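Nothing in this text is a laboratory measurement; each read-out follows from the coordinates by a stated rule. From a predicted model like this one, the values you see are computed outputs, not experimental measurements. With ideal geometry, Cβ positions are generated from the backbone for all residues, glycine too; neighbour counts draw on all protein chains shown.
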Amino acid sequence: MFRYLKYLLAGVLFAAILPVTAAQAQNGKTFYWISHGSPADPVWTYFLDGAKQWATDTGNDVNTSFHSGDVPTHQEAVRAAIAAGADGIVSTSPDPGSLIEVVAEANAAGIPIINMNTPDPSADFGAYVGMDLVVVGQKWAQYMVDNGHVKSGDFVWMPVEVPGATYGVQEEEGIASVFEPLGVTWEVTDATLDQAEAITRMTDYLNANRDRVTAIIGLGDLVTGSIKRVFDQLGIAPGEIPVVGWGNSLDTTQEVLNGYVNAAMWQDPQMTSYLALSLASAAASGIPPGFDIIVGALYEADTAQVYDDIMSGN
């Protein structure tokens, strides 16, 4: 079981520390799992579950922290892991280029550091485990085009929790590669990491812009999982506006099953954490990874139940 503590770094970090048993203290290693996400974001529950399961299976200690998009505290968490002499570090990238220096510091200290969830090739991570977010954006946009949901001159709304964060920037890059040549326009808007506030902002935006929004692409799990609540508040019927986006929450699997979301991207969150920690452990044992691991699949209503069952523990 995880025990939750607070660390004072540049700010207050939300951290979860696995207890160390006598056997672990004697034989186990200590790894750090650092996320730019919010502990209130449902998808990160599944990423955390993967880290917990890996610790249970291997007998190693895993210290975890969430930073809710706060770059300075994220950087300090990596430095704290280095200072503590971590055997390995697994970290997301909160913003492109934001971890270049601290990754270099980990490498200089001889500590393997693996990138997960949000890639940043500009930092010298040992490997990456997760989605190719540019390809994800391309797949969403191409799905809209191939299924006749958008055409030249149409406008697509793209809500995101953290504007400027790695995931949204790279997803938009992929979307642009499909939409720009076709003359499709779009706007990315800030929805925040608080779901209640996100629903309010999304409802206000769609209410004001309903006449020009042809389709919606949710650039994050929280916003995609809020579509039903937004549509219901505004009296928009399922399927009336085509929607694609992330699909790593029970909210979204149900939206796909009930027609509110046309297609959603599964990110393999538990497996992403598990594999990233495995690579860090292998590197700590002198077996450095020479490859990245790309995960994920786009699903529609016919397969949504599979992912709903996974997240429900069925």
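Things worth noting here:
- Pairs of Lys in the chain closer than 22 Å at Cα, counting only those 8 or more apart or on different chains: 4
- Expected-Rg normalisation [2.2 N^0.38 Å, Cα atoms] applied to region 133-266: 0.93
- Among VAL160, VAL184, VAL244, residue whose mean-square fluctuation peaks in a GNM of the chain (springs only between Cα atoms under 10 Å): VAL184
- Loop trypsin sites (Lys or Arg not before Pro), region 171-271 (other Cβ atoms within 10 Å of the site Cβ: 15 or fewer; DSSP): ARG210, ARG212
- Subtracting the Cα-Cα distance of ILE100 and LEU250 from 0.36 nm times their residue separation leaves 50.5 nm of extension gain.
- Note on the chain: helix-only mean residue ellipticity at 222 nm, from DSSP H runs of 4+ residues weighted -39500 (n - 2.57) and normalised by residue number, equals -13000 deg cm²/dmol.
- Relative contact order of region 133-266, defined on C-alpha pairs under 8 angstrom at six or more residues apart (%): 25
- Cleavage-rule hits (chymotrypsin sites (Phe, Trp or Tyr not before Pro)) in region 254-291: DSSP loop, at most 16 neighbouring Cβ within 10 angstrom: PHE291
- Entry note, region 229-314: relative contact order of 32 percent, from Cα contacts under 8 Å with a spacing of 6+ residues.
- DSSP-defined antiparallel bridges as percent of all bridges, the chain, nearest 5: 30
- Straightening the chain between GLN233 and ASN209 buys 7.2 nm, computed as 0.36 nm per residue apart minus the Cα-Cα spacing.
- R0 of 41 Å, Cβ-Cβ distance ALA196-VAL145: FRET efficiency to nearest 0.05: 0.75
- Residue among ILE241, GLY164, TYR205 farthest towards the positive dipole end of the chain, charges placed on Cβ: GLY164
- Within region 70-152, none of the chymotrypsin sites (Phe, Trp or Tyr not before Pro) combine a DSSP coil assignment with at most 13 other C-beta atoms in a 10 angstrom radius.
- Once C-alpha pairs closer than 8 Å and six or more residues apart are averaged by separation and normalised to the residue number of the chain, the relative contact order reads 18 percent.
- Look at (i) 19.9; (ii) 21.0; (iii) 23.0: the one that is Kirkwood radius over Cα pairs in Å derived from this structure is (i).
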